[in-house]
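In what follows, a single structure is set out as structure tokens and then discussed.
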Amino acid sequence: MTEWPKHGTIDGPIVMIGFGSIGRGTLPLIERHFDFEKERMVVIDPDDSHHALADEHCIGFLKAELTPDNFADILTPLLTEGDGTGFCVNLSVDTSSLAIMKLCRELGVPYIDTVVEPWPGFYFDRDADAEQRTNHALRETVREEKRRNPGGTTAVSCCGANPGMVSWFVKQALVNLAKDLGADIAEPGPGDREGWARMMRDLGVKGVHIAERDTQHSRNPKPLGTFVNTWSVEGFLSEGVQPAELGFGTHERWMPDGARKHSYGAEAGIFLARPGADTRVRTWCPTPGAQFGFLVTHNESISIADYFTVRDGDAVTFRPTCHYAYHPADDAVLSLHELFGQAGMPQETQHILDENEIVEGVDELGVLLYGHAKNAYWFGSQLSIEETRDLAPYQNATGLQVTSAVLAGMVWALENPDAGIVEADEMDYRRCLEIQLPYLGPVKGYYTDWTPLTDRPGLFPEDIDESDPWQFRNVLVR
């Protein structure tokens, strides 16, 4: 575009927490799409490696590490300085999303993040029970706050590419599927959770894979002893060592050895006694076709399964299986092999491939809805590094899928200032995709005849369920 639309005005201070790859990529989108006073925007980060970029954009930079003892003292004057209503954009690691969210709501300041992040120590706590380290546990802290304090200033929880954008893709995919099946099902309204759940059930969808393939690569091979990724290495390591976790559908007849159900809260999923980044599942994406993905835990695995649950009183009558099936960039796969080969000991060096290093590749990120009359339907973004360079600076294709979702979530929050605490599933998917689509490259849908039983068993016998190809028993690689 030669002229980018303005989506709103932020008439108070903007505080961005974290200036890593996602923070730097979000900055130009905020500049492009909001009217605000630059002298009233500040970035907070304990690492000042990119202080010069903040100076170049004429925004403030505060080198500081937020802790349980100081976060309120640091943030309160920044968020309340001067007239107007500000905005808090939390794109950090090792800061409590819940604590900062609660502070912002007390101050009447809109808030957004991309993950329910804890204070340091949570992910690698050897004394914690596995259930205590799940995303279900993190999510429930925010859902409990929502139950205790409904309504009020809007705080958007977990609004990046995934979690976030993929929840909007699920609804669009359901609408597309209903049309293609000729189903006489009216599209539910934005707030009609029960209607959306019944729609998924009535269309025969058994589950959803968040199916992703990242083919971006640089000219240089991965160095030994370096973890290479196309987005936050710290973020990937943190979620990768959490227990593998998934929303668990009502059609499932089998659970893996060592799997446990969540014991409180939504109770929409199960978790396995092994790290997600060392657990493989079978899935499908349009370009590679059948592939292995990692069962890395994500908020959307539980939130989507929870949102699309149908109940009869207290009894659950329908729930989809939902989980991430992530094939990261090849260098990240090699990095994981190296990591787990060393008993999970992180490499000394971390490196994020930026837009200048990557020579080619696409981040193909979508949702695979399966089990219905047309078997399986993938709908999502096929954004290339080449198109990313044309669209926005300071990020690769993976980053732009995240930052554009942050943009959409900010717009929605400004347009719905008193919505309380919300997840992406609870937002108006049409409005959010309207904001985000210009940054996602080709967004398409593909039907496939592939199932997790295609070409199986092979040369060796397998423990499979031939009566239903879409059982998790057939998806999990054992």
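So the values come out like this:
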quantity	calculated
Set Y446, Y377: member being of a type in the set (F, W, Y) and surrounded by fewer than 19 Cβ atoms within 10 Å (Cβ to Cβ)	Y446
Filtered residue count, segment 49-79, keeping only those that are in contact (Cβ under 8 Å) with a residue 40 or more places away in the chain, open to solvent by less than 70 Å² (accessible area, probe 1.4 Å) and touching a Ser or Thr at 6+ places or on another chain (Cβ under 8 Å)	1
Failed condition for W378, given (1) in contact with a Leu (Cβ under 6 Å, 6 or more places away or on another chain); (2) aromatic (F, W, Y); (3) not in a strand (DSSP E or B)	(3)
Test: residue in segment 325-344 that is touching a residue at least 12 places away in the same chain (Cβ under 8 Å), in contact with a helix residue (DSSP H, G or I) (Cβ under 8 Å, 6 or more places away or on another chain) and open to solvent by 40 Å² or more (accessible area, probe 1.4 Å)	yes
Total residues in segment 233-275, condition surrounded by fewer than 16 Cβ atoms within 10 Å (Cβ to Cβ), free of Cβ contacts under 8 Å to residues at least 40 places away in the same chain and within 25 Å of L339 (Cβ to Cβ)	3
Pick from segment 1-48, criterion part of a helix (DSSP H, G or I) and open to solvent by 60 Å² or more (accessible area, probe 1.4 Å), ranking: nearest to E434 (Cα to Cα)	K38
All helices (runs of 4 or more DSSP H) inside segment 95-187 with 3 or more residues being open to solvent by 40 Å² or more (accessible area, probe 1.4 Å) and more than 25 Å from L437 (Cα to Cα)	97-107, 135-148
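Okay, residues lined up against (1) at positive phi; (2) touching a Phe, Trp or Tyr at 6+ places or on another chain (Cβ under 8 Å):
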| site | (1), (2) |
| --- | --- |
| E144 | no, no |
| G151 | yes, no |
| S157 | no, no |
| G191 | no, no |
| R201 | no, yes |
| R213 | no, no |
| R219 | no, no |
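To keep it simple, each residue is scored yes or no on (1) over 22 Å from V402 (Cα atoms); (2) touching a strand residue (DSSP E or B) at 6+ places or on another chain (Cβ under 7 Å); (3) at pLDDT 95 or above.
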{"position": "I17", "(1), (2), (3)": "no, yes, yes"}
{"position": "H57", "(1), (2), (3)": "no, no, yes"}
{"position": "F61", "(1), (2), (3)": "yes, yes, yes"}
{"position": "L78", "(1), (2), (3)": "yes, yes, yes"}
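Every residue, every condition in (1) open to solvent by less than 20 Å² (accessible area, probe 1.4 Å); (2) of a type in the set (D, E); (3) modelled with pLDDT of 95 or more, yes or no:
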residue	(1), (2), (3)
H372	yes, no, yes
E386	no, yes, yes
Y394	no, no, yes
D418	no, yes, yes
V422	yes, no, yes
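The values are calculated or read from the model by the stated rules, or taken from the named source; none is laboratory data. No experiment lies behind these values; they were computed from the predicted model shown. Here Cβ is always computed from backbone atoms with ideal geometry, including for glycine, and neighbour counts include all displayed protein chains. Side chains are part of the model used for accessible areas, which takes the heavy atoms of the whole protein and leaves out ligands, DNA and RNA. Shrake-Rupley method; radii C 1.70, N 1.55, O 1.52, S 1.80 Å.
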